[in-house]
Amino acid sequence: MNRIMIVDDDRDILAALEIYLTTSGYQVIRAENGREAVRRMEEEPADLILMDVMMPQMDGIAATRIIREKSNVPILFLTAKSEDVDLIHGLNVGADDYITKPFKPMEVLARIRSHLRRFTQLGGQPRRDNVLTVGPVQLEDESKRVTVDGEPVNLTPLEYNILRLLMSRPGQVYSSAQIYEQVWNDPFLGSENTVAVHIRHLREKIEIDPAHPRYLKVVWGLGYKMEQ
Amino acid sequence: MSERTTRLRGSFWLRAAAFVLAWISGVTLCMGAGGLFYLADSFRYNGAFLDSPTYYSMRHDMDSLLEEYLFLSSHSGALTPAGRERLGQLMDRFRRQETNYRFLILDERGERYLYNAGEEEWEAGIENGQETASSSDWQVSAYGISAQRNIGYYLDLSRTEDWTACLGSSQDFARTEFASGYCYNIGDYLDMLEEAALGELEGLDRETAAGMPAVMDTSENSPATQQVGRESDSVEEPVDETETIVVDGAVGEETDWLLTLFPQVHYDSITQQYYLLDEERESYEALGDNHFVYYRFDPDREESYHLWSWLDTDFPVEDQFASNARYYAVRQAEAREWIQPVIICALSSLAVFLPLLALLTWGAGWNRKGELALRGLNRMGLELLCLVLLVGVGLLLLGVQLADWLYDGPFFLGSQAPAIYEYLLFFGIAGLVCVPFCLMAWTVLTAQIKTRQLLKRSFCIRLCLRAWKGITGLLSRLLAVLKELVQNRPLYQKVLLWSAGYMVLMLFWYLGIARDIVLNSWNPLVRSFMVLLPAVPVVLLLCKWAMDYNRMRRQVQRLIEGDFDTKLETGRMLPDLRSHGEDLNNLSAGLSRAVEERVKSQRFKTELITNVSHDLKTPLTSIINYVDLLKKADIADETVRGYIEVLDRKSQRLKTLTEDLLEASKAASGTIGVQLEALDVTELCEQAVGEYDERLKQAALSVHIKRPEQPLKVMADGRHLWRILDNLLANCTKYAMAGTRVYLDISRKGKMAVLEMKNISAEALNVPADELMKRFVRGDSARSTEGSGLGLSIARNLTNAQKGEFGLVVDGDLFKAVISLPLAEERE
């Protein structure tokens, strides 16, 4: 049974989350501020932490930094701050993901599942070549198999090729023209938005929240990339 | 200091008493000083008359007379009646033996002439040196001269058989016995004579003296080395003049004027003296540098004379010399008696006077109460004091006159009275008159110095100080006026004034100093230098001005670039530029402050928005969560489920609204960060449309993109542009009529890229375009659908933030949004 710690200064949110999580079968540990979170982590470490950012006494970022010195558990930020700067800062500190408030409980649960799966399963898998891994997405080129958090995903050949192209160089931006030419092997005439549509489908299949993708990102005006 | 002493110090009576006593002792002191003067005078020449200036002057008179006689007599052809008369007078004096003055006249031949008073003529003098010139009264018979001591001797045979030393200069006159002895050379012989004169040798009789040779042969080859002495054999040998004479150099050489004029002059190399040889060789005369010889050389007559003069210190004749000598002696004796009393008097007076003076000084200026104050006389100014002193000096002179009168007049003390009385009288009266004035001046001075009022009291000094202050005040005022006149004018006036002044100076330069040099100088460098010199200061000034101006320009550039911190150094600039520089510094300070304010306020706004959003979102989260839980809960009642449904919808709406509101406020307050980069507009549009693919399909809309001929790149922020399109496309899906087309035209107009999105509205747009863009205004005035009304407003703000333009056109059912964005610059 996985243990999840939820840290938030708002008790109502804590209560609601606890209900969600316990009904999903997780054991819940509560903390109301960063200091308490650190202390509880030392007493009985959890397998995943849902951390609010703006808290009194010690905010989520500081707590994350301290916890990260000793533990590698997935930390998900629950934050009302949605500024890009804050997100980058949060991820730099050591969080694995973030969820903005107000959140959809379903989404929260999905992300938790994904991160837990990655965390528990990652250690056991041997490293192999020809396997591209970005986040939860794993692409095996030999068997043309794609899994997200271990779960296999069905992709069309075009979708597969696009994904492989993007995963071959994570962080590299590919324009629609480049993707088209590489995947369709035809000169890009610029008259279709085929690529965009396919990207969208791809996103829906591999992202938890396609509207707010974590990995398959649009770089507006330039193209698309696979975030590391 | 005790009170008694204080009162004593200030006591007037004490001071008065001290004053009087000081006066008296001052007078005695003066008299003592007089006595000291007297003593000094008396003993000045060791009391010897022969040392005194009186003697010298008297001697000199006589010598001059004789000299004159010699001159006259040697020019007897030119003797005038007046000259003859003078000569007569002179001879009278000598004839009458009215003097103790003696003289000898020698002519060039070495003959001695003595004056024959009886014949009134000069006769050839002593021959053989031994005979008395009987026709004269002069007791001169023979003589010899000691070279070393410059003493002339004559043998006075008429009286005693002894040599009497007489002096041609001013040594002592002494009579002594001549003793016998011998010597080897003339020098020794002379010494012997001298010693005899001083009584150290036994007597030398006449015969012995007569037998002595006149000269000695000192050369090695001389036939005989004469011995002067009792060995008369060698002595009696006649010495050939020519054989035994030793002459320096050749005989008759004209190297020495004496030899040419005096064939009888000989030189003794041992004594190194010249001797005038008597033909009879019985006497000789040394000629030296230091005897008073009046030598007259007359080239016409070839006659020259030597004059020897001396004084007979026996004073056989009662003349001026004798009386003076006597007077001196008497005075000396007198003075010796007075030494002791005078010294005692002086010292005791001093011993009394000094303490009194000290007392007066101590008490000067103090009053009974122990304060320093200037009363009465003490307030005299320095000038008045000097005047008083002058009066004192004047009285002193009067007093001296008085003393003189007293001495010579009614109270004639006579010349028999001790000389000291004169001195005492004079000094006493002087002291009587002068001392009180001096004392008074002294006390006033000390009082003023003590109270530091010396300068204040002095009228002159005060006047000077006042004048000085006046002058400096005037000058400083003048300077201030000038300064104001010059400084506060506008720059062009100042420049004009200075230029005018400088041109005047240049005028002076060219017409004055430089003109001469330029016209007369042959050196072209100098000429050009003088011409160019006035230009130098002007050039320097211009350079300085240019440099300062440059610095200011750089400072302005710095301000443009945004560096508000570097300050300009204005200390060493020219005046007008300096004020400009200071203004610039103030400006930059003001700007930097403004920037700081702006930054602060921006930060404040951002924080505000963040905090507000957080505060809004937190309870909203709980609402949504619990509503969700309610939805999951098992509630049978349909109406309750209906209520929950409403709650759910509304809470979602609230969520959307909150998010939109947040964005709108961020966009409106300008706190969004905008990162401009070169983006492909077409690509972006396609991406956006791609995102909306499903929704557009659901809304039964199809999008037609019209691409430009060439790919257009704009300077925009990708996220914001996406958001704009997101809003517009969302509006399309919400408000466009189903089944219609949405047109997206991308084109280039000038330096901007233009994006136009057109669609047909499902409902009638009964709101004008500009109204639509306002916040919370929705096309659907019934507000029954989801939109918050902020979308377009946000879109516009975002467009503006990217330096673009946003416009709406509503034409019937046609809704058109126009976005213009600046093109990215082409880079090859």
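Taken as a whole, the condition of being farther than 20 Å from B:Lys655 by Cα and touching a residue at least 24 places away in the same chain (Cβ under 8 Å) does not apply to B:Asp637.
Within the range A:24-63, the set of residues being in a helix (DSSP H, G or I) and more than 14 Å from A:Ile6 (Cβ to Cβ) comprises A:Arg35, A:Val38, A:Arg39, A:Glu42, A:Glu43, A:Ile61, A:Ala62. Listed by first and then second residue, the pairs linking a residue in the range B:657-668 that is without any contact (Cβ under 8 Å) to a residue 60 or more places away in the chain to a residue that is of a type outside the set (Val, Ile, Thr), with Cβ atoms under 7 Å apart and 6 or more places separating them unless they lie on different chains, are B:Thr658/B:Leu616; B:Thr658/B:Lys617; B:Thr658/B:Leu620; B:Leu662/B:Ser613.
Would you point out which residue out of B:Lys632, B:Lys655 is facing chain A (nearest Cβ under 9 Å), more than 18 Å from B:Leu725 (Cα to Cα), charged (D, E, K, R) and surrounded by 18 or more Cβ atoms within 10 Å (Cβ to Cβ)? Result of the check over B:Lys632, B:Lys655: B:Lys655. Residue under question is A:Val218, and the condition is that it be surrounded by fewer than 21 Cβ atoms within 10 Å (Cβ to Cβ) and facing chain B (nearest Cβ under 9 Å); does it hold? The answer is no for A:Val218. Across the range B:669-687, the number of residues qualifying as assigned to a helix (DSSP H, G or I), more than 8 Å from chain A (Cβ to nearest Cβ) and farther than 20 Å from B:Asn731 by Cα comes to 1. Taking the condition assigned to a helix (DSSP H, G or I) and without any contact (Cβ under 8 Å) to a residue 12 or more places away in the chain, does B:Leu474 pass? Considered against the rule, which asks whether it is assigned to a helix (DSSP H, G or I) and without any contact (Cβ under 8 Å) to a residue 12 or more places away in the chain, B:Leu474 comes out as yes. Take the conditions (1) away from chain A (no Cβ under 12 Å); (2) buried (at least 16 other Cβ atoms within 10 Å of the Cβ); B:Arg649 misses just one of them, which is (2).
Listed here are the residues, each with its yes/no results for (1) away from chain B (no Cβ under 14 Å); (2) buried (at least 22 other Cβ atoms within 10 Å of the Cβ); (3) without any contact (Cβ under 8 Å) to a residue 12 or more places away in the chain.
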position: A:Arg3; (1), (2), (3): yes, no, no
position: A:Glu18; (1), (2), (3): no, no, no
position: A:Thr22; (1), (2), (3): no, no, yes
position: A:Val28; (1), (2), (3): yes, no, no
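For the range A:165-180, the tally of residues that are surrounded by fewer than 16 Cβ atoms within 10 Å (Cβ to Cβ) and within 14 Å of chain B (Cβ to nearest Cβ) stands at 1.
Anything in the range B:525-538 that is assigned to a helix (DSSP H, G or I) and either surrounded by 11 or more Cβ atoms within 10 Å (Cβ to Cβ) or over 33 Å from the mean Cα position of the chain (by Cα) (or both)? List them, or say none.
B:Leu525, B:Val526, B:Arg527, B:Ser528, B:Phe529, B:Met530, B:Val531, B:Leu532, B:Pro537, B:Val538
Filter the range A:33-61 down to residues that are within 14 Å of another protein chain (Cβ to nearest Cβ) and at pLDDT below 90 and give me whichever is nearest to B:Ser622 (Cα to Cα).
My answer is A:Asp52.
Restricted to the range A:145-164, and to residues there that are among the polar types (S, T, N, Q) and surrounded by 14 or more Cβ atoms within 10 Å (Cβ to Cβ), the residue that is farthest from the other protein chains (Cβ to nearest Cβ) is A:Thr147. Every test in (1) within 13 Å of another protein chain (Cβ to nearest Cβ); (2) buried (at least 16 other Cβ atoms within 10 Å of the Cβ); (3) among the charged types (D, E, K, R) is passed by B:Lys758 save one, and that test is (1).
Only one residue in B:Leu608, B:Leu620 is of a type in the set (A, V, I, L, M) and within 7 Å of another protein chain (Cβ to nearest Cβ). Which one?
After ruling out the rest, the residue left standing is B:Leu620.
The combined condition, being closer than 13 Å to A:Lys225 by Cα, of a type in the set (A, V, I, L, M, F, W, C), modelled with pLDDT under 85 and within 20 Å of the chain's Cα centre (by Cα), is fulfilled by A:Val134. Scoring B:Gly690 on the criteria (1) in contact (Cβ under 8 Å) with a residue 24 or more places away in the chain; (2) touching a Lys or Arg at 6+ places or on another chain (Cβ under 6 Å); (3) small (Gly, Ala, Ser); (4) assigned to a helix (DSSP H, G or I) leaves a single failure, condition (1). A:Glu69 is checked against (1) modelled with pLDDT of 85 or more; (2) buried (at least 16 other Cβ atoms within 10 Å of the Cβ); (3) assigned to a helix (DSSP H, G or I) and fails just one. What number does that condition carry? Every listed condition holds for A:Glu69 apart from (2).
Scanning for something modelled with pLDDT of 80 or more and more than 16 Å from the chain's Cα centre (by Cα), does the range A:108-121 turn up at least one residue? Among the residues of the range A:108-121, not one is modelled with pLDDT of 80 or more and more than 16 Å from the chain's Cα centre (by Cα), which makes the answer no.
A residue that is in contact with a strand residue (DSSP E or B) (Cβ under 9 Å, 6 or more places away or on another chain) and at pLDDT below 75 cannot be found anywhere in the range B:38-46.
All conditions but one from (1) surrounded by fewer than 16 Cβ atoms within 10 Å (Cβ to Cβ); (2) within 17 Å of the chain's Cα centre (by Cα) apply to A:Leu48; the one that does not is (1). Consider the range B:700-719 and keep the residues that are crowded, with 17+ Cβ neighbours inside 10 Å and more than 22 Å from B:Val742 (Cβ to Cβ). The one that is nearest to the other protein chains (Cβ to nearest Cβ) is B:Arg719.
Among the residues examined, B:Leu455 qualifies as at pLDDT below 80, in a helix (DSSP H, G or I) and either crowded, with 22+ Cβ neighbours inside 10 Å or in contact with a helix residue (DSSP H, G or I) (Cβ under 8 Å, 6 or more places away or on another chain) (or both).
The values are calculated or read from the model by the stated rules, or taken from the named source; none is laboratory data. Since this is a predicted model, take the numbers as computed values, not measurements. Here Cβ is always computed from backbone atoms with ideal geometry, including for glycine, and neighbour counts include all displayed protein chains.
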